[in-house]
Amino acid sequence: IQLSQFKRAFESEIEQFSGALEELLVAHSRLSGSASLLEPLKREQEGKDVLIPLTSSLYVPGTLGKLDTVLVDVGVGYFIEKKIPEAQELLNRRAKYVKDNADKIQQRLLIQQQNLRTITQVLQQKMQQQQ
């Protein structure tokens with residue numbers, strides 16, 4: 001009975017690690033994508049007509065202004081103005097931090113999955129012995 005409870009606890013922890021890992025990988029992808037999207041912006045010219053995303057499916061027409069700085073989301077609704085190379089550096093640094101944490105969680109997840117397999121094997125052996 002205790003072994004079954006232990007197994008359920010491991011399954012729950014694995015589920016939590018998997019969810020956290022997925023969220024971190026999505027965040028890493030967004031940060032990396034944002035940093036790479038700044039590169040073509042360096043070559044654009046002031047006054048060019050563009051579509052500006054308000055949501056993921058709603059765009060409004062706009063015109064590019066000065067392109068030497070951009071606003072960077074630093075979290076909790078705060079934005080800071082940075083020169084494009086500085087913004088790229090910040091986004092890349094944040095992406096690396098998120099990726100490092102994702103790697104740590106993935107390692108922990110693999111260990112927990114191995115532990116779960118071991119517990120499952122022991123549980124099966126115990127059940128076979130009882131029969």
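Observations on the structure shown:
- Those residues of the stretch 115-131 which are farther than 23 Å from GLU23 by Cβ and either touching a residue at least 24 places away in the same chain (Cβ under 8 Å) or open to solvent by less than 90 Å² (accessible area, probe 1.4 Å) (or both), in sequence order: THR118, ILE119, THR120, VAL122, LEU123, LYS126
- Within the stretch 66-103, tally of residues that are β-branched (Val, Ile, Thr), surrounded by fewer than 13 Cβ atoms within 10 Å (Cβ to Cβ) and assigned to a helix (DSSP H, G or I): 0
- Taken together, the criteria place THR69 among residues that are touching a Lys or Arg at 6+ places or on another chain (Cβ under 6 Å), among the β-branched types (Val, Ile, Thr) and farther than 30 Å from ASP103 by Cα.
- In the stretch 35-64, the residues that are open to solvent by less than 70 Å² (accessible area, probe 1.4 Å) and among the charged types (D, E, K, R): GLU44
- Test for PRO61: is it of a type outside the set (S, T, N, Q) and free of Cβ contacts under 8 Å to residues at least 12 places away in the same chain: no
- Screening the stretch 17-47 for residues that are of a type in the set (D, E, K, R) and farther than 16 Å from ALA87 by Cα and picking the one that is farthest from the chain's Cα centre (by Cα) gives GLU46.
- Qualifying residue in the stretch 48-61 (condition: part of a loop (DSSP other than H, G, I, E, B) and more than 26 Å from the chain's Cα centre (by Cα)): yes
The values are calculated or read from the model by the stated rules, or taken from the named source; none is laboratory data. None of these values were measured; they are calculated from a predicted model. In this analysis, Cβ positions are derived from the backbone assuming ideal geometry, glycine residues included, and neighbour counts consider all displayed protein chains. Only protein heavy atoms, including side chains, enter the accessible area calculation; ligands, DNA and RNA are left aside. Shrake-Rupley method; radii C 1.70, N 1.55, O 1.52, S 1.80 Å.
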